[in-house]
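Following: one structure in structure tokens, then a few remarks.
The values are calculated or read from the model by the stated rules, or taken from the named source; none is laboratory data. Model, not experiment: these values are computed from the prediction. Cβ: placed from backbone, ideal geometry, glycine included. Neighbour counts: every protein chain shown. For the accessible areas, the whole protein counts, side chains as well, though only heavy atoms, and no ligand, DNA or RNA atoms are used. Shrake-Rupley method; radii C 1.70, N 1.55, O 1.52, S 1.80 Å.
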Amino acid sequence: MTLARFQMCIDGQWVDALSGKTFHSLNPALGEAWAELPDADEADVERAVQAAQRAFEAPAWRGLSATARGKLLRRLGDLIGARKEELAQLESRDNGKLIRETRGQVGYLPEFFHYTAGLADKLEGGTLPLDKPDMFAYTVHEPIGVVAGIIPWNSPLYLTAIKLAPALAAGNTIVLKPSEHASATILELARLALEAGFPAGVVNVVTGYGPSTGAALTRHPLVRKIAFTGGAATARHVVRSSAENFAKLSLELGGKSPNIIFADADLESAVNGAVAGIYAASGQSCVAGSRLLVQDAVYDEFVARLIERARRIRIGNPQDDASEMGPMATEQQLAIVERMVAQAQSEGATLLMGGRRPALDGNGWYYEPTLLACARHDLTIMQEEVFGPVAAVIRFKDEAEALAMANDSQFGLAAGIWTRDLGRAHRLARDVRSGIIWVNTYRAVSAMAPIGGFKNSGYGRESGIDSVLAYTELKTVWINLSPAPMPDPFVMR
Ligand code: NAD
């Protein structure tokens, strides 16, 4: 098979790595290489960051009004909309996500860019009601500088958009480092940004591996903010890198999100919510509802209905419209899933469904929807993220026990609550320690709704009305109104 060949985008130019080195991206449905990309090292990252810094200072970008920046973002959203099918196909081939899912995500991106475009010129500072009558002071929001965007493989375009759009709306420049497993659509996004009219150097993309390309970018002294989405172990490296020059940080990390099903819930919806939470996207979702907490009275019925529904899931080529579950994005991820399911059983969990690769033609990295019953909440499978189609289910007797289990986690990204009792829904929405609470629904997203986590799920929020503020510095300006000479210089005024 001939490989598709990609170049990186640095300073508005399409370039190879200075070293000439390349790496391959693999198609998870076939288990074989389909694309060749530049393997950027420190020298390439240097070029990209310097280009972003120059663009940040240049009048072509710095001199644009916020309204003009918003118009560019709106145009970018339109261009994405015009190419949405192409982008959805490309992302599905690169990371093995269902074409149904990538179509949905890419189809929504224009809305996201349009929403953020509208925020660009609404970053109002304030005038301060000072307690000093001879002084006037006001605040302004200014861009931070060069932003590094570090992206995982599971939803590259969406997770890039929620960094890129607010960073640009606020007037920053950016260097993106997509995952080595899924870079193609981010390079296409940079092409569309140039076509939309963003000046050269405002949006740059370097491709390569985390410990080399990613690390060189996050420790670069000119990078003033790092927006990271990925795993906790990687995040610790990134936090250490940021300490070098105190780069600002947002971290969107993993989760072990509880989906809590009460006896009074609409069970059919709850079953669908559980499937959406853990088997959609083959469980490769940061908000995966991987812990199913089910009330005693409906436990047996719920589990039976979930198994019945999950057994009907059509596993197959992600680019086939009929498929409902595709492969794991990488062979290593498949190995992790297999190891964690085996470990769960050795710790006492009971395999109720799945637990193996399906019998399919070809070499894709597929895994069956899997369900493990746990008698105890301290099993590894209840505590650690799998990032695969593996749910662990446990019973609870009452609301207090459900809440205690829900919060017994190092993570706090999302939670689902299934009940018809309004008071209980609000009590748990208040008491569960997670950044996102879904009541009688799961895996809903919107440009207007912030996402992000409590505890080890990270810090900072993306999307929503405040997302652009996260890419600004606040400046306070003081004006002395008094005609009198400056008084005693040794006393603070
Ligand atoms: P990962 O942490 O392995 O990689 C993420 C990115 O970091 C990649 O681009 C990688 O190349 C880069 N990287 C790796 N080492 C680096 C280093 N030393 N310095 C700088 N960059 C480095 O994550 P992944 O396997 O691509 O994605 C899966 C993880 O992402 C899961 O834990 C998942 O929960 C999380 N995730 C979180 C969200 C969210 O919004 N909270 C969304 C999607 C995925």
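Computed over the chain, the per-residue total of -39500 (n - 2.57) for DSSP H runs of n ≥ 4 gives a 222 nm mean residue ellipticity of -11500 deg cm²/dmol, rounded to 500.
Our summary gives the stretch 335-462 a relative contact order of 18 percent, counting only alpha carbon pairs under 8 angstrom and 6 or more residues apart.
Its Cα centre serving as origin, the stretch 258-439 has a Cβ charge dipole (Lys and Arg +1, Asp and Glu -1) of approximately 80 debye. Starting from the Cα gyration tensor of the chain, take the square roots of the eigenvalues, sort them a ≥ b ≥ c, and report rounded, prolate or oblate (rounded when a/c is under 1.5, otherwise prolate if a/b is larger than b/c, else oblate). Since a/c reaches 1.5 but b/c is at least a/b, the shape of the chain is classed as oblate. Around the Cα centre of the chain, unit charges on the Cβ atoms of Lys, Arg, Asp and Glu (plus for the first two, minus for the last two) sum to a dipole of about 540 debye.
Solvent-accessible area of ARG69, all protein chains in place: 30 Å² (probe radius 1.4 Å, heavy atoms, ligands and nucleic acids excluded).
Assuming a ≥ b ≥ c are the square roots of the Cα gyration tensor eigenvalues, decide whether the stretch 258-439 counts as rounded (a/c under 1.5), prolate (otherwise, with a/b larger than b/c) or oblate. Because a/c hits 1.5 or more and a/b exceeds b/c, the stretch 258-439 counts as prolate.
Taking 0.36 nm per residue of separation and subtracting the current Cα-Cα distance, fully stretching the chain between ALA232 and GLU268 would add 9.5 nm. Computed extension gain for SER19 through ARG356, at 0.36 nm per residue and net of the alpha carbon distance, reaches 117.1 nm. Longest exposed-loop-site-free stretch of the chain, with chymotrypsin sites (Phe, Trp or Tyr not before Pro), DSSP loop and at most 16 other Cβ within 10 Å? Looking at the chain, 247-489 is the longest stretch - no exposed chymotrypsin sites (Phe, Trp or Tyr not before Pro) with at most 16 other Cβ atoms within 10 Å.
Which of the listed residues, CYS374, ASN480, ALA342, is farthest toward the dipole's positive end in the chain, when Lys, Arg count +1 and Asp, Glu count -1 at the beta-carbon? Most positive-ward Cα: ASN480. Calculated FRET efficiency, ARG312 and LEU474, Cβ-Cβ r, R0 60 Å, to nearest 0.05? Calculated value: 0.65. Sorted largest first, the spans of the alpha carbon positions of the stretch 329-399 along the three principal axes are 46, 23, 19 Å.
Return one number: the angle in degrees, 0 to 90 and rounded to the nearest 10, between the long axis of the Cα atoms of helix 331-346 and the longest principal axis of the Cα atoms of the chain. The angle comes out near 50 degrees.
The distance between label points at GLU85 and ARG433 comes to 4.9 nm (points 7 Å beyond Cα on the Cα→Cβ vector). In this simple spin-label model, placing a label point 7 Å from the Cα along the Cα-to-Cβ direction at both GLU142 and GLN332 gives a separation of 4.1 nm. Annotation: THR476 carries an accessible surface of approximately 70 Å², with a 1.4 Å probe and no ligand, DNA or RNA atoms counted. For the chain, the number of Lys pairs separated by eight or more positions or lying on different chains, with C-alpha atoms closer than 20 Å, is 20.
Once you reduce the stretch 136-169 and the stretch 239-270 to the center of their Cα atoms, the two points are 19 Å from each other. In whole percent, and with a 1.4 Å probe on the protein chains, what portion of the accessible area of the stretch 328-372 is carbon and sulfur? Exposed carbon and sulfur together represent 44 percent of the surface.
Taking all protein chains as they are arranged and a probe of 1.4 Å, the heavy atoms of SER446 leave approximately 30 Å² accessible to solvent. When both bridge partners sit in the stretch 258-439, DSSP labels roughly 10% of those beta bridges antiparallel.
What angle, in degrees between 0 and 90 and rounded to the nearest 10, separates the Cα long axis of helix 184-196 from the longest principal axis of the Cα atoms of the chain? So the inclination is approximately 40 degrees.
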